[in-house]
Structure formats: C-alpha cells, structure tokens
Amino acid sequence: MLRNCNSLDLRMLPPVGIELRPWEETNLDDAAQLTVHAYENIVDREISIHYESFDGCRNYLRNIISKLGCGSFVKNASFCALHLHSKQWIGFVLTSSVSSFNGQIPQVVVSPVFQGRGIGTHLLIRSIVALSTQQYRTISLSVTAKNKGAVTLYQRLNFNTLIRFHAAAWSRCGPG
C-alpha cells in the first residue's frame with residue numbers, strides 16, 4: 001500500500017495515558033516480545049516463521065534495523081508507545097528508507113489489548129510526519145489482506161493498494 005507524505009493533522013495528541021517515545025536500540029527485546037504476542041492470532045504467523053517465537057521476532061526486527069532488506073532504517077521516524085500507568089511498551093513502528101523520496105514501514109505493532117484506541121494511528125502519523133519533514137514524498141507498507149484490522153487502519157490513513165500478490169503457508173509436518 002502507498003500514500004503521499006502530506007495532508008496530516010500535526011495537532012493530533014496521543015491517546016490519554018499513552019506516551020510516544022523515539023525508538024532506541026534498548027527497545028528491541030520489548031518489541032520482540034510484543035510482536036510474538038500480537039501475532040499469536042494473525043494469519044502472518046502462518047506465513048512467516050519469524051513471528052513464531054521470541055528469537056524469530058527479535059532476529060527479524062534486528063534485521064530491519066541493521067540490514068538493508070527493508071531499506072535503510074530511519075531511527076528518527078521510528079517510535080514506541082508506552083502505557084504510562086503500567087510502564088509497559090504497548091506498540092511500536094519501525095521506518096526505513098527505500099529511496100531518496102520513498103519511506104517504508106516494515107513493521108507496526110500494537111498490543112491486542114490496546115488495539116482500537118488510536119495507538120496505531122498515532123504511531124503511523126508520527127512516522128509519516130517525520131518522513132515528510134525529511135523531504136520524503138511517499139510512504140509504503142505491505143499488509144496481508146486477511147489482516148482486516150490493519151487494512152482498515154491503513155485505508156483510513158489514505159494508504160491505497162498498489163500491488164496485490166498471493167502468499168501461501170505450507171503445512172509443517174513433524175519429524176519422521
């Protein structure tokens with residue numbers, strides 16, 4: 001999905017009781033644990049082995065940050081959401097650069113307990129605004145069509161489907 005990096009309301013405040021903070025490398029373990037939990041009942045877990053375990057999620061997130069498979073990591077457009085009462089990380093967005101004018105969101109996660117409260121919206125808007133101020137013109141992301149909640153969120157934020165492709169999950173057999 002793709003959208004322009006313009007026409008956002010910069011006055012939007014985070015949901016009550018939530019603080020957005022810049023991404024730090026020290027957030028990696030919390031983000032991996034949150035990702036494992038968030039993907040427990042999402043079809044992507046069947047498609048990608050990365051989402052099956054803490055180590056898989058941690059390696060996947062570390063690769064987004066340190067390798068070029070999803071573009072160059074843009075730390076100052078990546079954020080974490082902290083629940084102020086419990087002091088728990090409840091969401092995050094990682095952003096990368098795939099060209100001098102196109103940013104990408106390779107990962108956005110919100111704890112299932114906190115979904116539907118505007119946290120994902122706020123994380124995405126903060127990333128889009130950060131990329132816009134750095135002269136990016138577009139931002140893209142990929143989403144599994146069966147992840148209806150995410151698709152609805154992205155459409156509400158004016159992301160439009162650019163390319164559709166099929167993905168399949170192979171059944172895994174046990175040993176022997």
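The values are calculated or read from the model by the stated rules, or taken from the named source; none is laboratory data. Model, not experiment: these values are computed from the prediction. Backbone-built Cβ (ideal geometry, glycine too); neighbour counts: all protein chains shown.
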(message) Quick check on the stretch 124-147: of everything there that is of a type in the set (Val, Ile, Thr) and not in a helix (DSSP H, G or I), which residue is farthest from the chain's Cα centre (by Cα)?
(response) Thr138
(message) Of the residues Ile90, Ile49, only one is modelled with pLDDT of 90 or more and not basic (Lys, Arg); which?
(response) Ile90
(request) Filter the stretch 94-123 down to the residues that are β-branched (Val, Ile, Thr) and under 14 Å from the mean Cα position of the chain (by Cα), then identify the one that is surrounded by the most Cβ atoms within 10 Å (Cβ to Cβ). (result) Thr95
